[in-house]
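Since the structure comes first, as structure tokens, the remarks are kept for the end.
Read-outs: derived from the displayed coordinates by stated rules, not from any lab. Note that the coordinates shown come from a computational prediction; the quantities given were computed from them, not determined experimentally. Counting neighbours? That spans all protein chains shown, and the Cβs are built from the backbone with ideal geometry, glycine included.
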Amino acid sequence: MKKSICAVLSAAILTSAFTFGGFSVYAAETDYRYGDVNLDGTIDVDDVTLIQKAVALIENFNDTQSLVADVNRDGEVTVTDATCVQRYIAGMSNGKGKTGEKLSSVTKHRLVKSVAAYERDYATDKLELTETTSLEYKNAYPVLIKTEPVDEDFETSETYFDYTFEGSLPKTCKITNNTSGDVKNIEYNKGRVYNIKYDFESGSSAKDYYQYSDDSEFFTSILREEYVPANEFFPAQLQEEADSVLLVIENGLIKKSVNSGYYANWTEKTEKVWQRFNGTYTAEYDSDGIASVMSAVFRNGPSGVQKKIEVCKENGVITSATVYQPAGDKGEFIAVKKFEFEYADTEISAARYSQMMNYFIIGSGSNYYNNNWY
């Protein structure tokens, strides 16, 4: 029997001066719950003891026990799972993995096949379908993202991806679009985005340099350089933006991110003076790595909740996400966008899935997910 779960998630749009960017299919739920290792219907210290014994090789689990004991879903039973169950018993809000959740016999992560996007019509105060996006893949990476507006006055957008690979991992990717002459070239290192070169139809150009603190697939800082050529009114402009990202990773997924940065703009005859960005942006995520709470503190302007997101699931599958924005000064929110998802058969990792879903839900307002799931 299908079970629908909808959770309203507080969110503030995660923006900066520049922008960047697993799906789970569950079989019918069982009566077992993660953390109930002795299968007695209760999660308590006895279950922690069993996990500790299994780690010490003095207890053998059957297949079901092995599944429910792996509460952090990393494919093995370790002392970390025991710690997660202890935190659950103690009533802690995080660091408990999937403890307490119903076990599903099959869990797979898949690529998005299509997205239907709705926006608020302020004349009717209803969400109206505005565009549909379809995706085509090769080797589990997109080769075409096609967005068709409902309004025939707007042109269909087709974004093309031309990859080279090292083994199964991307080495380079050239990205073009039928509606402009802009070209984006991505260089990868071990499958991770390292450098991006933008050549804009206007004659401007930009480069992004990604930094990683370890072997994680999650970057922790970016330096962007942008060049605008001179014209009859202005001299050549140079601009740098340095964005630092502090990440908390749990079970292979982002659990919290804090990003801030500095900005400098100068010409050949002016001094480069670094200035602080206009805010600090904080994001928190649910147990599947999907953005749940996002906030902003600005030097000038309103701080706090900027958006809310309502995520709906059926049997663990994200079927839709609704975005809310503040309305007036009474703390009320109205729905301004909605997304509905369908999925392909190609399986991907949970980490890549969470990045992909955040890319669609948060959109270009996120500095983290653009360019980082494809």
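Given a Förster distance of 45 angstrom, what is the FRET efficiency for L246 paired with F200, based on the Cβ-Cβ distance and rounded to 0.05?
On the way: r = 31 Å, r/R0 = 0.68.
It comes to 0.90.
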* Rounded to whole Hz and in sequence order, give me ³J(HN,Hα) for region 64-72 from the Karplus expression 6.51 cos²θ - 1.76 cosθ + 1.60, θ = phi - 60°, writing x for Gly and Pro. => 5, 4, 5, 5, 6, 6, 7, 6, 8
* Structure fact -> Quick calc of log₁₀ I(q)/I(0), region 32-104, Debye, one scatterer on every Cα, no solvent, q values 0.12, 0.14, 0.26 1/Å, result -0.23, -0.32, -1.21
* Structure fact -> extent check for region 128-214: Cα max minus min per principal axis, descending, whole Å, gives 46, 33, 23
* Tabulate in residue order the Karplus-calculated ³J(HN,Hα) for region 224-233, using 6.51 cos²θ - 1.76 cosθ + 1.60 with θ = phi - 60°, rounded to whole Hz; enter x for Gly and Pro. => 10, 10, 10, 10, 10, x, 5, 9, 5, 10
* Along the positive direction of the dipole of the chain (beta-carbon charges: Lys, Arg +1; Asp, Glu -1; about the Cα centre), which of N370, Y343, G100 reaches farthest? -> G100
* What is the set of long-range amide H partners of E59 at a cut-off below 5 Å, with H atoms built 1.01 Å from backbone N? -> A54
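Can you work out the FRET efficiency for the pair A140 and N38, with r the C-beta to C-beta distance and R0 = 30 Å, to the nearest 0.05? Before the final figure, lay out the partial values.
On the way: r = 39 Å, r/R0 = 1.30.
It comes to 0.15.
Note down the Stokes-Einstein diffusion coefficient of region 229-334 in µm²/s, whole number, using a Kirkwood radius over alpha carbon pairs, 37 °C, and 0.692 mPa s. Walk me through the numbers on the way to the answer.
Values: Rh = 17.1 Å.
Answer, rounded: 191 µm²/s.
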* To do: Search the structure for amide H atoms under 5 Å from the amide H of Y32, placed 1.01 Å from N in the peptide plane, and list their residues when 5 or more places away or on another chain.
  => L103
* To do: Report ³J(HN,Hα) in whole Hz for each residue of region 158-169, in order, from the Karplus equation J = 6.51 cos²θ - 1.76 cosθ + 1.60 where θ = phi - 60°; Gly and Pro get x.
  => 10, 9, 10, 10, 10, 9, 10, 10, 10, x, 9, 9
* Give me D for the chain in µm² s⁻¹, whole number, from Stokes-Einstein with Rh from the Kirkwood sum over alpha-carbon pairs, 4 °C and 1.567 mPa s. => 57
* To do: Mind checking the full-extension length gain between T280 and E119? Use 0.36 nm per residue of separation minus the Cα-Cα distance, one decimal, nm.
  => 55.2 nm
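Work out the FRET efficiency for F298 and W266 from their Cβ-Cβ distance, taking R0 = 22 Å, and round it to the nearest 0.05. Present the calculation step by step, with values, prior to reporting the outcome.
Details: r = 24 Å, r/R0 = 1.10.
In this case the efficiency is close to 0.35.
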* Only Lys, Arg (+1) and Asp, Glu (-1) charged, at Cβ; the chain dipole about Cα centre in debye -> 600
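Applying a 10 Å radius around every beta-carbon, put 327-338, 78-89 in order of their mean neighbour count, most first. Can you show the working numbers first?
Working: 327-338: 12.8, 78-89: 20.6.
So the order, starting with the most tightly packed, is 78-89, 327-338.
In a shell of Cβ-Cβ distance under 12 Å around S180, excluding S180 itself, what net charge do Lys and Arg (+1) and Asp and Glu (-1) give?
Working: positive: K184; negative: E155, E158, D182, D199, E201.
Taking every other residue near S180 into account, the sum is -4.
Taking region 51-120, which GluC sites (Glu not before Pro) meet the DSSP loop condition and have no more than 13 other C-beta atoms within 10 Å? Working shown, then result.
Working: sites: E59, E76, E101, E119; in loops: E59, E76, E101.
Counting only loop positions with at most 13 other Cβ atoms within 10 Å, the GluC sites (Glu not before Pro) in region 51-120 are E76.
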* To do: As a check on your grasp of the helix formula, calculate [θ] at 222 nm for the chain: sum -39500 (n - 2.57) over DSSP H runs of n ≥ 4, divide by the residue count, round to the nearest 500.
  => -3500 deg cm²/dmol
* Distance between modelled label sites at N178 and S216, nm, 7 Å Cα→Cβ extension -> 4.0
* To do: For a footprinting-style exposure proxy, rank W266, W373 by other Cβ within 10 Å, fewest first.
  => W266, W373
* Simple spin-label model, 7 Å along Cα-to-Cβ: N231 to E166 in nm? -> 4.0
* Please sort 64-70, 197-203 by packing, taking for each peptide the average over its residues of neighbouring beta carbons within 10 angstrom, highest first. => 64-70, 197-203
* Structure fact -> The simple spin-label model distance between L129 and K53, using points 7 Å out along Cα→Cβ, in nm, is 5.7
